Amino acid sequence: MPVNNELYDQLAWTWWDEHEILNALRILLNPGRFGYFVEVLVDRLKIDPKDKQALDVGCGGGLLAEEFARLGCHVTGIDPSEPSLAVARAHAVQEGLVIEYREGVGERLPFADAYFDIVYCCDVLEHVNDLEAVISEIARVLKKDGIFFYDTINRTFMSKLISIKLLQEWKATSVMPANLHDWKMFIKPQELQAHMEKHGLVHKEIVGLVPATNPLTLINLLRKRKRGELSFKEAAKRIDLARSKDTSNLYMGYAIKI
Ligand SMILES: C[S@@+](CC[C@H](N)C(=O)[O-])C[C@H]1O[C@@H](n2cnc3c(N)ncnc32)[C@H](O)[C@@H]1O
């Protein structure tokens, strides 16, 4: 089934509702991915995030934009979903954060060359029509030595099982909409890295993100969510993604612009 990106218009109201579907991205993914990005930026690369220009490609409702803004970055978020941007703008105001949100797509970034210190694109690359165009645009708007962070989903037997069959197709466990992801659009790390190398992004590291729970507990949590016995928040909290060498489903990493 093809990816339906209009889902983000229809579900935009759920970005900041703790018990609803899109906020599960924050509860499930943000601790693992944002914790990793901060570790790389601050602890390993010794970069002070304060006043750095950061671009969030495919920002949705601003779940990561707000995290980077709280770190002290000047954040710009871009996304094709106007309803998501409206929710993101309203939430930033409510939180007293200054974030610029603009409508657009990763394939055509409306920014000057070499403007940003940090660009991140999380849970988006597997949704875009032209992956190479997005990577080339990200490389173009990054300054020399700027950092690109990402997370996405691998195209493997395991991702077909977890991200498609379990989460989208099997009646008893499918807690996600059937057309959220298309397995064929998932990205092998070597494909992503080839695009990066071609456009001047030197890939530095890849890290897997896997549920801390065992497979049986995972299935059980999904069944309970499906039956309405657990909210998305409770299910996401218990699944608890942890860093791993296993990159067969979710993975993240970073690259540096030369
Ligand atoms: C799963 S959400 C991720 C949102 C956010 N990055 C996060 O992790 O919380 C995917 C987002 O990608 C956006 N999107 C889809 N196609 C895109 C494109 N070509 N360029 C930029 N964003 C896109 C969708 O509108 C949606 O907000």
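Within the range 38-64, being in a loop (DSSP other than H, G, I, E, B), touching a helix residue (DSSP H, G or I) at 6+ places or on another chain (Cβ under 6 Å) and more than 10 Å from the ligand (Cβ to nearest atom) holds for ILE47, PRO49.
Of the residues making up the range 244-258, those that are closer than 20 Å to LYS160 by Cα and not small (Gly, Ala, Ser) are LYS245, ASP246, THR247, ASN249, LEU250, TYR251, MET252. Scanning the range 65-94 for residues that are within 11 Å of the ligand (Cβ to nearest atom) and outside any helix (DSSP H, G or I) yields GLY77, ILE78, ASP79, PRO80, SER81. Note on the range 60-91: residues that are among the small types (Gly, Ala, Ser) and over 14 Å from ARG26 (Cα atoms) amount to 7. For GLY35, the conditions (1) within 15 Å of the ligand (Cβ to nearest atom); (2) in contact (Cβ under 8 Å) with a residue 12 or more places away in the chain; (3) out of contact with any Phe, Trp or Tyr (no Cβ under 9 Å at 6 or more places or on another chain) all hold with the exception of (2).
Within the range 106-117, is there a residue that is buried (at least 22 other Cβ atoms within 10 Å of the Cβ), of a type outside the set (Gly, Ala, Ser) and within 13 Å of the chain's Cα centre (by Cα)?
No, because not a single residue in the range 106-117 is buried (at least 22 other Cβ atoms within 10 Å of the Cβ), of a type outside the set (Gly, Ala, Ser) and within 13 Å of the chain's Cα centre (by Cα).
Here the range 1-20 is the region considered, the condition is being in a loop (DSSP other than H, G, I, E, B) and crowded, with 19+ Cβ neighbours inside 10 Å, and the residue that is nearest to the ligand (Cβ to nearest atom) is TRP15.
The single condition from (1) more than 17 Å from PHE149 (Cα to Cα); (2) away from the ligand (no atom under 14 Å from the Cβ) that PHE111 fails is (2).
Readers should treat all values here as calculations from the given coordinates under stated rules, not as data from a laboratory. Computed from a prediction, not measured in an experiment: that's the story for all the values here. Using ideal geometry, Cβ is built from the backbone for each residue, glycine included, and neighbour counts are taken over all protein chains shown.
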